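Student: Can you keep this structure in mind? I'll have questions shortly.
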Amino acid sequence: CVDRAPSGLKVDLTCLEIYQEQVTDLLVEKKQVLPVRHHPTYGFYVQGLTQRRCEGVSDYTEFATRAFSRRRMASHSLNDRSTRSHLMITIHLTSEASGDNNQIATFGRLCFVDLAGSERLGDTRTKASSATIR
């Protein structure tokens, strides 16, 4: 594990939550619903989603820990801390190199998804209907 990104490599992080079909940014304190848009060339994206630069592992750990703490949780008879939302962390990688009088950039993304708790409603002894727990 490297504490600092190698020279020429930029590492950025985004983190979003999907709860009851609404997308929020977990890298900011104030929860605000963000729109999902479609670009004809680049595909789907979340408008207004915060992207943070990670200079090393400690930056990633700090941002991810803060984002996880903002995730919606609930307790029931099977689990004290059951997630109520889906989480998506995306690590954006950009590598830039120079050569033969031109600049070459390579892009990549790593997406990590954690789905909401999928406990069976009857087993949790929760009084809500399945429509209210998604």
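The values are calculated or read from the model by the stated rules, or taken from the named source; none is laboratory data. Given the structure is predicted, the values throughout are model-derived calculations rather than measurements. Positions of Cβ are generated from backbone atoms using ideal geometry, with glycine treated the same way; all protein chains shown enter the neighbour counts. These accessible areas exclude ligands, DNA and RNA; they are computed on the full protein's heavy atoms, side chains included. Shrake-Rupley method; radii C 1.70, N 1.55, O 1.52, S 1.80 Å.
Student: For region 1-73, which chymotrypsin sites (Phe, Trp or Tyr not before Pro) are in a loop by DSSP, counting at most 15 other Cβ atoms within 10 Å? Before the final figure, lay out the partial values.
Tutor: Values: sites: Tyr19, Tyr42, Phe44, Tyr45, Tyr60, Phe63, Phe68; in loops: Tyr42.
Hits after loop and neighbour filter: Tyr42.
Student: Moving on. For Cys54, which sequence-distant residues (separation of 5 or more, or a different chain) have an amide H within less than 5 Å of its own amide H, given hydrogens modelled in the peptide plane?
Tutor: Hits under the 5 Å cutoff: Val11, Asp12, Leu13.
Student: Counting only protein chains, not ligands or nucleic acids, how are Leu110, Leu27 ordered by accessible area (probe 1.4 Å), most first?
Tutor: The residues order as Leu110, Leu27, largest area first.
Student: Could you state how much accessible area Arg72 has, in square angstrom rounded to the nearest 10, with a 1.4 Å probe and all protein chains kept in place?
Tutor: My reading of the accessible area for Arg72 is about 70 Å².
Student: Would you mind calculating the gained length between Gln103 and Ser69 on full extension (0.36 nm times residue separation, minus the Cα-Cα distance), in nm to one decimal?
Tutor: Working: separation 34, 0.36 × 34 = 12.24 nm, distance 3.96 nm.
Fully extending the segment from Gln103 to Ser69 adds 8.3 nm.
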